[in-house]
Amino acid sequence: MDKPDFVWENLSAGMVVGEREITVTAEMVAEHCGALGADRAWYREESPFGGPIAPPMIFINDLLAIYDENFRRFGTIHAKLAYRFHRPARVGERVHQRVTVKDLYVRRGKGWIVSELLVRGEGGDVVCTSLHTSVLSLTRAREG
Amino acid sequence: MSQGLPRPADLRPGDSLPPLYREIGWEEIRRFNRYVTGGNDTKNIHTDDEVARRAGLPRAVAAGRHPVAFIAEWMTDLLGAGFLAGGEIEVTFVKPIYPGDRLQLTATVNERAEEEGGTRLLFEVALLNQENVPVTVGSASGLLLSR
């Protein structure tokens, strides 16, 4: 089935865009570190959290990945990004990710979307949350 | 990892960290894009000038969230577990970052705030390009843990 376009008319505040479970692997951590030039023994060996952990921004692409699983998206211009790190994800841990549309608005003739990525650990506790504010293509959007 | 960081317990409002420098060249952008695409080289607004121009940009731009991870790693260097469990970052992307830009990361203590989990160190952070123009501005914070 064709995915809907990532445009105003196909989105609404409160909408759950998608959910999925993924396992944080040592390979994911290595790829993340390689892409960012990051390195830390805690990511490969023991850490104060009882074993190797993932870097804080390991889920940096996952909000867009979940959008791409559910929408046809050309590219996204981000305006703001906010992260809250509750605890690091452990290497080998299975986490649950959910993306929700928190707000949609029009300002100065442009559409804006605020999306949240919520990541929970195996026990259901929050690992991290992030809020992404991006430009959204307007089609039938109206001021007010 | 960052070198020459002060002891976080010694930091007071107005103190700045020694700046950190990071290059965002084509290779770094392609490496980040491969990470995003699961190992594939793709043409998009970050990797290809022509695609970026079709999207209304003057040329390719780096993904704004790419250097935000530099801030997170920097704060982890400084605060360790106090950033990984209790840290926050909030940034606004004010100017594009272009391939070849050399970024300077700056952080100045705004406040030491007492809260239930301990003392929170709040920083004003910024990424400046090689022309000293802020491209990303915002805040970062984490908890001071006794070591």
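What's the number of the only condition in (1) within 9 Å of another protein chain (Cβ to nearest Cβ); (2) surrounded by 17 or more Cβ atoms within 10 Å (Cβ to Cβ); (3) in contact with a strand residue (DSSP E or B) (Cβ under 9 Å, 6 or more places away or on another chain) that B:Ile97 fails to meet?
(1)
Does A:Val29 satisfy the criteria of being of a type in the set (A, V, I, L, M), touching a residue at least 60 places away in the same chain (Cβ under 8 Å) and part of a helix (DSSP H, G or I)? If you could, list the steps in order and put the result at the bottom.
On the way: of a type in the set (A, V, I, L, M): yes; touching a residue at least 60 places away in the same chain (Cβ under 8 Å): yes; part of a helix (DSSP H, G or I): yes.
The answer is yes for A:Val29.
Within the range B:27-47, restricting attention to residues that are assigned to a loop (DSSP other than H, G, I, E, B) and buried (at least 16 other Cβ atoms within 10 Å of the Cβ), which residue is farthest from the other protein chains (Cβ to nearest Cβ)?
B:Thr47
Checking the condition surrounded by fewer than 20 Cβ atoms within 10 Å (Cβ to Cβ), within 30 Å of B:Leu78 (Cα to Cα) and either touching a residue at least 12 places away in the same chain (Cβ under 8 Å) or small (Gly, Ala, Ser) (or both), which residue from A:Glu69, A:Glu122, A:Glu45 passes? First the steps, then the outcome.
Numbers: A:Glu69 fails: within 30 Å of B:Leu78 (Cα to Cα); A:Glu45 fails: either touching a residue at least 12 places away in the same chain (Cβ under 8 Å) or small (Gly, Ala, Ser) (or both).
Matching residue, one of A:Glu69, A:Glu122, A:Glu45: A:Glu122.
Of all residues in the range A:1-21, which are part of a strand (DSSP E or B) and open to solvent by 30 Å² or more (accessible area, probe 1.4 Å)?
If the condition is that a residue be part of a strand (DSSP E or B) and open to solvent by 30 Å² or more (accessible area, probe 1.4 Å), then A:Asp5, A:Val16, A:Glu19, A:Arg20, A:Glu21 are the ones that fit.
Filter the range B:79-94 down to residues that are more than 30 Å from B:Arg59 (Cβ to Cβ), outside any loop (DSSP other than H, G, I, E, B) and not hydrophobic (A, V, I, L, M, F, W, C) and give me whichever is nearest to the other protein chains (Cβ to nearest Cβ).
B:Glu88
To keep it simple, each residue is scored yes or no on (1) open to solvent by 30 Å² or more (accessible area, probe 1.4 Å); (2) part of a strand (DSSP E or B); (3) away from chain B (no Cβ under 11 Å); (4) modelled with pLDDT of 95 or more.
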residue	(1), (2), (3), (4)
A:Gly50	yes, no, yes, no
A:Pro55	no, no, no, yes
A:Leu64	no, no, no, no
A:Arg98	yes, yes, yes, yes
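Quick one: in the range B:48-67, which of the residues that are surrounded by 13 or more Cβ atoms within 10 Å (Cβ to Cβ) and not hydrophobic (A, V, I, L, M, F, W, C) is nearest to B:Leu103 (Cα to Cα)?
The residue in question is B:Pro67.
Consider A:Arg87 against the criteria (1) at pLDDT 95 or above; (2) more than 10 Å from every other protein chain (Cβ to nearest Cβ): it satisfies all of them except one. Which criterion is unmet?
Every listed condition holds for A:Arg87 apart from (2).
The values are calculated or read from the model by the stated rules, or taken from the named source; none is laboratory data. Just so you know, these numbers come straight off a predicted model, no measurement behind them. Reconstructed Cβ throughout: ideal geometry from the backbone, glycine too, with neighbour counts over all protein chains shown. These accessible areas exclude ligands, DNA and RNA; they are computed on the full protein's heavy atoms, side chains included. Shrake-Rupley method; radii C 1.70, N 1.55, O 1.52, S 1.80 Å.
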